[in-house]
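The values are calculated or read from the model by the stated rules, or taken from the named source; none is laboratory data. What you are looking at is a predicted structure, and each value in this text was computed from that prediction instead of being measured. Every residue, glycine among them, receives a Cβ derived from its backbone with ideal geometry; neighbour counts consider all protein chains shown. We work out accessible area using only protein heavy atoms, side chains counted, and drop any ligands, DNA or RNA first. Shrake-Rupley method; radii C 1.70, N 1.55, O 1.52, S 1.80 Å.
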Amino acid sequence: GKNKVTLDNTDVLPSFLFTYALNNKTNIRLAGSQSVNRPEFRELATYRFYDYENAFIIQGNDKLVRSKNTNGDVRFEVFPSPGEIISASVFYKYFKDPVEQTNLGNDVLSWTNAESADVYGAEVEFRKRLNFINRKFFERLIFYANAAYVNGSVKYSQLTINSLLQGQSPYLINTGLSYSTDNDNFSF
């Protein structure tokens with residue numbers, strides 16, 4: 001017969017955000033929240049399939065439970081002019097029962113719930129209007145960038161590994177340009 005997996009969770013997920021304005025261009029922000037990560041279908045499905053690219057057999061685990069996460073951050077923000085920001089923040093995240101991929105031996109990969117994980121890091125953000133360039137086109141152009149450094153550890157029942165959650169990058173860098181029309185009806 002076919003396995004049937006029923007996951008029944010009711011979660012209350014509180015959050016808060018407190019912003020204190022040091023002056024009309026500078027804020028300190030404190031935030032906290034709870035969230036959940038639910039197992040994906042392929043992580044729960046108990047059938048096996050062969051991953052040709054990596055030469056492993058993949059098998060789900062129908063005993064997985066959802067992960068509950070607690071998040072907190074402190075952020076310092078400066079707004080040099082409208083539409084611009086320079087900010088720096090530190091953050092911490094605690095994961096109860098995170099889903100991690102494991103090797104069951106004999107080239108078989110599956111997933112299990114680790115006991116917990118800690119993730120912490122810092123992020124900086126910069127957004128600048130390019131209206132200082134003397135051309136009409138640049139009046140509506142905004143450059144932005146942010147970068148984050150992430151570290152952490154994963155705890156199993158008898159073992160703590162000083163490594164990030166599976167698939168988590170220790171560095172993240174985003175940059176971009178955005179442009180809005182004069183009436184803000186169109187942007188890209």
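Numbers for the structure displayed
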{"quantity": "Flag if A122 is over 19 Å from Y156 (Cα atoms), part of a strand (DSSP E or B), in contact with a Phe, Trp or Tyr (Cβ under 9 Å, 6 or more places away or on another chain) and open to solvent by less than 50 Å² (accessible area, probe 1.4 Å)", "calculated": "yes"}
{"quantity": "Strands (runs of 3 or more DSSP E) completely within segment 2-92 that count 2 or more residues being open to solvent by 90 Å² or more (accessible area, probe 1.4 Å)", "calculated": "15-23, 48-51"}
{"quantity": "Failed item, numbered, when V108 is tested on (1) within 25 Å of the chain's Cα centre (by Cα); (2) in contact (Cβ under 8 Å) with a residue 60 or more places away in the chain", "calculated": "(1)"}
{"quantity": "Count of segment 84-105 residues which are touching a strand residue (DSSP E or B) at 6+ places or on another chain (Cβ under 7 Å) and either farther than 30 Å from F56 by Cα or without any contact (Cβ under 8 Å) to a residue 40 or more places away in the chain (or both)", "calculated": "15"}
{"quantity": "Members of segment 129-188 that are open to solvent by less than 90 Å² (accessible area, probe 1.4 Å), closer than 20 Å to N71 by Cα and either aromatic (F, W, Y) or not in a loop (DSSP other than H, G, I, E, B) (or both)", "calculated": "N146, A147, A148, V150, N151, G152, S153, V154, K155"}
